[in-house]
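Notes for the one structure printed next.
The values are calculated or read from the model by the stated rules, or taken from the named source; none is laboratory data. These figures come from a predicted structure and were not determined experimentally. Quick reminder, even Gly has a Cβ in these numbers, built from the backbone with ideal geometry, and neighbours come from all protein chains shown. Surface accessibility is based on the protein's heavy atoms, side chains included, excluding ligands, DNA and RNA. Shrake-Rupley method; radii C 1.70, N 1.55, O 1.52, S 1.80 Å.
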Amino acid sequence: MTDAFILDAVRSPRGRGRPDGSLHSITPIQLVAQTLGALRDRTSLDTSQVDDVILGCVTPVGEQGADIARIATLVAGYAENVPGKQLNRFCASGLEAVNTAAAQIMSGQSDMVIGGGVEHMSRCTMGMDGGAWAIDPAVAWPLHFIPQGISADLIATMEGFTREQVDAYAVESQRRAAHAQAAGYFDRSVIPVRDVIGEVALAKDEYLRPGTTMADLAKLKPAFEMMGEQGGFNAVALQRYPEVDTIHHVHTAGNSSGIVDGAAAVLVGSRKAAKKAGLTPRARVRAFASIGSEPTIMLTGPAGSARKALKRAGMKPQDIDLWEINEAFASVVMRFVRDMDLTMDNVNVNGGAIALGHPLGATGARLMTTLLCELERTGGRYGLQTMCEGGGQANVTIIERL
């Protein structure tokens with residue numbers, strides 16, 4: 001089997017996912033095209049040598065529809081022979097794109113592939129693509145569908161996580177992210193995004209709220225209490241988990257992932273392709289894995305997926321120098337840390353989506369850029385990235401810094 005190497009990785013800064021966000025006026029196709037263009041320019045890449053461009057996108061409709069990966073390569077000025085495809089594995093779509101790129105290299109059927117993702121949440125709002133799982137009663141009822149926020153509160157209830165604990169986690173995420181940005185830890189991977197006249201629209205992540213305190217977060221109301229109680233989703237969850245008496249709604253806008261716009265791209269290739277392009281591999285993909293998990297609670301899959309990938313790589317948790325767990329909600333990471341018997345010392349060391357935002361289709365590739373750069377900065381060897389996903393799924397990638 002051919003080794004797959006990460007040759008470079010870039011991402012856009014994350015803009016607030018609303019009409020007054022700095023990236024709102026930039027179309028999704030332009031956001032992706034600028035990211036792909038930056039990847040090409042900084043590596044002096046002969047794009048005719050790229051076998052495929054694979055992009056995750058969770059809401060592939062409207063401006064993000066019609067196979068945005070292929071169209072973006074053309075808009076970015078890539079060679080006409082470069083194909084593109086869009087995939088959707090909910091929140092982990094960007095990581096799945098990177099894993100698929102690596103799989104094509106490992107199988108020997110491709111030499112160089114770009115995996116990444118995009119989500120322009122201020123222009124293509126979450127959920128606008130519909131789907132039977134949520135809107136068809138014949139599907140939603142037997143599968144005990146509930147929104148993810150209710151799932152996160154269900155996890156917190158079953159694990160005994162209090163409002164104070166999840167808020168404390170969020171405060172630390174903000175502190176770590178603010179420090180990382182101020183110290184320049186993100187600078188190597190972040191590229192500026194420009195508007196139609198060539199002016200810089202955004203050069204660094206803007207969702208952060210530095211200085212957030214416990215008192216600030218205590219003022220926020222539970223985000224999912226009303227939909228749980230008045231929308232009937234609490235009753236659905238309790239039907240699936242009758243051992244739970246009452247769901248405690250502890251998640252708010254302050255301890256859940258932020259809605260943002262963003263894109264990311266990771267260049268993956270074989271050693272032969274890297275040599276031909278004059279590029280030095282930065283990391284090797286050691287293993288990746290995906291699993292399905294119980295779909296009502298939905299967000300508990302990362303630990304099982306991590307164990308599967310570690311076993312595949314012949315590794316133990318103690319071998320991992322840095323862990324990146326997507327902060328969909330505070331309770332997701334807290335449960336993962338408990339399940340894997342970890343400490344927070346090497347988990348999400350530069351903050352996460354609570355502080356920085358979660359552009360759904362792009363986050364997986366964005367986290368990979370963060371993990372890679374931090375391994376290089378600290379001299380760590382192995383990093384593991386994992387993400388929970390809608391429908392009860394999770395995937396994992398383990399990389400080795402070179």
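Structural remarks
- Electrostatic dipole magnitude of the chain [Cβ: Lys, Arg +1; Asp, Glu -1; Cα centre; debye, to 20]: 1020 debye
- Of ALA328, ALA152, ALA182, the one that fluctuates the most in a GNM where the chain has Cα springs shorter than 10 Å: ALA182
- Taking N as the residue count of region 82-170, its C-alpha radius of gyration divided by 2.2 N^0.38 Å amounts to 1.51.
- Virtual spin-label span in nm between THR246 and ASN81, 7 Å along Cα→Cβ: 6.7 nm
- Ellipsoid semi-axes for region 256-334, based on the Cα gyration tensor and the rule √(5λ), read 29, 19, 12 Å when sorted largest first.
- On a per residue basis, the chain carries 38 Å² of accessible surface, using protein heavy atoms and a 1.4 Å probe.
- Viscosity 1.002 mPa s, temperature 20 °C, Stokes-Einstein D of region 179-230 from Kirkwood C-alpha radius, µm²/s: 146 µm²/s
- The accessible-area ordering, largest first, of the residues MET334, MET126, MET121 stands as MET126, MET334, MET121, per a 1.4 angstrom probe.
- Equivalent ellipsoid, the chain (semi-axes from 5 times Cα gyration tensor eigenvalues, Å): 32, 23, 21
- Residue-wise HN-Hα couplings along region 341-352, as the Karplus relation 6.51 cos²θ - 1.76 cosθ + 1.60 with θ = phi - 60° gives them from phi, are 6, 9, 10, 7, 4, 10, 10, 6, 5, 10, x, x Hz; Gly and Pro carry x.
- Amide H contacts of SER22 (H built 1.01 Å from N, under 5 Å, at least 5 apart or other chain): ARG16
- ARG89 exposes around 60 Å² of accessible area when a 1.4 Å probe is run over every protein chain in place.
- Note on region 25-90: Rg/Rh from C-alpha atoms, Kirkwood Rh, equals 0.96.
- Carbon/sulfur fraction of accessible area - the chain, other protein chains in place, 1.4 Å, %: 52 percent
- Per-residue SASA remark: VAL347, around 0 Å² accessible (1.4 Å probe; ligands, DNA and RNA not included).
- Note on the chain: with a GNM built from Cα contacts shorter than 10 Å, the maximum mean-square fluctuation among VAL268, VAL98, VAL190 falls on VAL190.
- For region 163-275: relative contact order, % (alpha-carbon pairs under 8 angstrom, 6 or more apart): 30 percent
- Reach of LYS272 by Cα under 17 Å, taken over aspartates and glutamates that are not fewer than 8 positions away in the same chain: ASP3, ASP8, ASP46, ASP51, ASP52, ASP111
- Reducing region 39-98 and region 159-177 to their Cα centroids gives an inter-centroid distance of 35 Å.
- Cβ-placed point charges (K, R +1; D, E -1), dipole of region 298-357 about Cα centre in debye, nearest 20: 340 debye
- Length-normalised contact order of the chain in % [C-alpha pairs under 8 Å, at least 6 apart]: 28 percent
- Angle in degrees between helix 330-339 and the longest Cα principal axis of the chain, rounded to the nearest 10: 90 degrees
- Secondary-structure-derived ellipticity at 222 nm for the chain, considering helices only, amounts to -10500 deg cm²/dmol, per-run term -39500 (n - 2.57) for DSSP H runs with n ≥ 4.
- An ellipsoid equivalent to region 22-181, defined through the eigenvalues of its Cα gyration tensor, has semi-axes of 33, 21, 17 Å when rounded to whole angstrom and sorted largest first.
- For region 247-335: relative contact order, % (alpha-carbon pairs under 8 angstrom, 6 or more apart): 35 percent
- Residue among VAL236, VAL53, VAL118 with the largest mean-square fluctuation in a Gaussian network model of the chain, springs linking Cα atoms under 10 Å: VAL236
- Radius of gyration over Kirkwood radius for region 113-263, both on Cα atoms: the Rg/Rh ratio is 1.04.
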